[in-house]
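What follows is a set of notes on a single structure, which appears directly below.
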Amino acid sequence: MNKRILLLSFSLILGFLMFGFSSVYAQAQPSEDDTIEVEKITDMPSGTSVAVNVWLKTDRNLGGLTIPLKFRSAEGDTALDVECDSIHWSDWFWDNVSSIYTGQDTTSYIDSTNKTILVYALWFGIPPSAEYLPANDSVIFTIYFTTGTYWDPGVPAKIDTFSIEYPKKLLTIVDESTLEDFIPIYKPGSLGEFSWVREIGEEEANVPEKFVLNQNYPNPFNPTTIIRFALPENSWVKVEVFNILGQKITTLVDEHLTAGYKETGWDGTDSKGTNVASGIYFYKIKANNFTDIKKMVLLK
C-alpha cells in the first residue's frame, strides 16, 4: 500500500474516531443475533486484578463498531477504588483488523477520570480489496481491572453502556454489505455481586402468555424474600425496591432477559449493602411497556 492510500485510509479512520459513525441509525428491532455482552465478575476482593471478557455475537459481517462503556456504582459514583489497566484485543479479532493503530494491548480507549472506555474499530478497506470482520460469536476483547485498598465489594460497579450526542458516540455495529448502523442488544457486566436473576423451569415451550409480577414470598419476611415474574417475550427488565416515601432503595435486576418465568430476591439491604429498617417497601418491575408495583413487609 503506497503512502497516499495509507494517508487516505488513516484520515478516514481518524474522522470516525473523532466524530463517531455519522450515518442515520437504523431503528432495527434488536435480536439475539446482534449482541454485545460483558462478563459479570462476582469474586473481586480489594487489591486484586481481574480480566473481564466482552463478547460480540452477530450473524452479519461488520464494517465497523463502536462500544462505549462506563464502570460505576449503581448510584453513578466515579470515585470507586477500581482502575481499568488495559484492553487486550482477542487474537481472532486482531487477525481480521486492518484499521486500528493502538496495538493489540492498549490503554488508548480508557478515561480513568470519568471511568469510561470508548472502543472503536473500522474496516471497509480500500476497494477493490475491501475488508470486514466476519460474523462470529466470541470474545472480542478483554478488559483488565485492578481494585485498590478501599474497594468495597459490597458496593459493586456496573459495566454499562452510554451515549453522547456530540460528537456522537453510541453503541453501534455497522453492516459491511449495506453500511447500515444497528444498535445491538447490550448485556451489562459488573464488578462485584451486583444482582441475580434465575430461570424457573427448563422447558423451552414453557413461555407465559402475558407479563406478570407475582407477590413476593415469604411476606412478611426476614431477612430474605423471593420475587417472581413472567416475560412473554425477550425484554429489558428493571426491578427496583422503594421505601414508603417513594425513595429508591436498590436495584435488583437491570438487564436484557429472554422470555420465560424468572425469579430474583432481596436481602433487606440498600444499594450500598446496608441493612434497612423494618417496615413497608414496594417493588416495581418495568419490562418493555409493562409496569407493575407490589407491596412487601420487612419484619425484624
Those residues of region 133-153 which are touching a strand residue (DSSP E or B) at 6+ places or on another chain (Cβ under 8 Å) and either outside the structural domain of A79 (by TED's automatic domain parsing) or of a type in the set (D, E, K, R) (or both), in sequence order: D137
Residue count, region 154-163 (criterion: part of a strand (DSSP E or B) and either surrounded by fewer than 21 Cβ atoms within 10 Å (Cβ to Cβ) or out of contact with any strand residue (DSSP E or B) (no Cβ under 9 Å at 6 or more places or on another chain) (or both)): 2
Residues (among the aliphatic types (A, V, I, L, M) and either surrounded by fewer than 18 Cβ atoms within 10 Å (Cβ to Cβ) or at pLDDT below 70 (or both)) located in region 85-102: V97, I100
Lone qualifier among S195, S190, S177 - being under 28 Å from L80 (Cα atoms) and at pLDDT 80 or above: S190
Residue count, region 218-264 (criterion: farther than 24 Å from I185 by Cβ, modelled with pLDDT under 90 and either out of contact with any Asp or Glu (no Cβ under 7 Å at 6 or more places or on another chain) or buried (at least 19 other Cβ atoms within 10 Å of the Cβ) (or both)): 2
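The values are calculated or read from the model by the stated rules, or taken from the named source; none is laboratory data. As the structure is a prediction and not an experimental result, all values here were calculated from the model. In this analysis, Cβ positions are derived from the backbone assuming ideal geometry, glycine residues included, and neighbour counts consider all displayed protein chains.
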